[in-house]
C-alpha cells in the first residue's frame with residue numbers, strides 16, 4: 001500500500017523546505033500520496049470520515065510540518081483531535097492505526113545545536129516531538145524515528161534540494177524496513 005503524507009504547512013506556497021519535500025515526494029506517485037491540509041481545509045473544517053477513509057486506504061502515515069512555537073501548526077493539532085478519535089484510532093474498537101508505521105518529517109528555522117540539552121532551547125527535537133510519539137503509542141501505531149531539517153532560515157538551495165533527496169531515502173528505508181532505529185535526525 002502507498003504511504004500517506006499529511007502535509008500541515010500553513011503557507012506551503014511560501015515554504016522553502018516543505019515545498020521542496022512535497023515536489024520530491026510527488027515524483028513517486030506509486031509510493032506516496034501527498035495530502036495538504038491547508039489546501040484541503042482552508043476554513044479548518046475537517047471532514048473526519050473522508051480523512052479516516054484516506055488513512056484506511058493507505059499503509060504507512062507521515063506527518064510533515066514546520067515546527068512553530070515548538071509545536072505543530074494549529075491545523076495539524078486540529079486534524080489529530082478530529083480524526084484520531086475514540087472508537088476509531090484508540091479505545092475498545094479503535095484499531096485503525098494499530099501496527100501502522102507512523103513517522104514525522106519536520107523543519108526548523110534554528111540550527112541543530114540550538115536543540116541540544118545545553119543549547120539555546122535546552123530541549124532536543126526528540127523532546128519537543130514526544131507528544132507525537134505518545135499519541136502514536138496510545139493508538140498502538142508503530143512510531144518510527146523522525147526526519148528533521150535544521151536551519152531553514154539560512155540554508156542554501158543546494159542544501160534544501162539535498163534534504164529532499166535524503167527525505168525520500170529516509171522514507172523508503174524507515175517505512176519499508178522491518179526494524180526500527182533510534183533516530184535519523
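Read-outs throughout are calculated quantities, based only on the coordinates presented, and are distinct from any laboratory measurement. Keep in mind that what you see is a predicted model, and the values were worked out from it rather than measured. Please note: Cβ atoms are built from the backbone with ideal geometry, for glycine as well, and neighbour counts cover all protein chains shown.
For the residues 40, 26, what sequence is obtained by ranking on other C-beta atoms within 10 Å, fewest first?
Ascending Cβ contact count within 10 Å gives the list 26, 40.
Give me the angle, in degrees from 0 to 90, between the Cα long axis of helix 74-83 and the longest principal axis of the Cα atoms of the chain, rounded to the nearest 10.
20 degrees
Applying 1/(1 + (r/R0)^6) with R0 = 35 Å to the Cβ-Cβ distance of residue 134 and residue 16, what FRET efficiency is obtained, to the nearest 0.05?
Calculated transfer efficiency: 0.70.
Can you sort 108, 134 so the residue with the fewest Cβ neighbours within 10 Å comes first?
Going from sparsest to densest Cβ surroundings: 134, 108.
Given Cα pairs under 8 Å that are at least 6 residues apart, what percent is the relative contact order of segment 1-107?
It rounds to 33 percent for segment 1-107.
If the chain between residue 98 and residue 122 were fully stretched, how many nm would it gain, using 0.36 nm times the residue separation less the Cα-Cα distance?
Taking residue 98 through residue 122 to full extension adds about 5.3 nm, to one decimal.
Within 10 Å of each residue's Cβ, count the other Cβ atoms and sort 33, 156, 3 from fewest upward.
So the ranking, lowest neighbour count to highest, is 156, 33, 3.
For residue 168 and residue 156, calculate 0.36 nm times their separation in residues minus their Cα-Cα distance, and state this gained length in nm to one decimal.
Roughly 2.4 nm would be gained on extension.
For a quick protection proxy, order the peptides 42-54, 85-97 by their average other-Cβ count within 10 Å, most packed first.
Most protected by this proxy first, the peptides run 85-97, 42-54.
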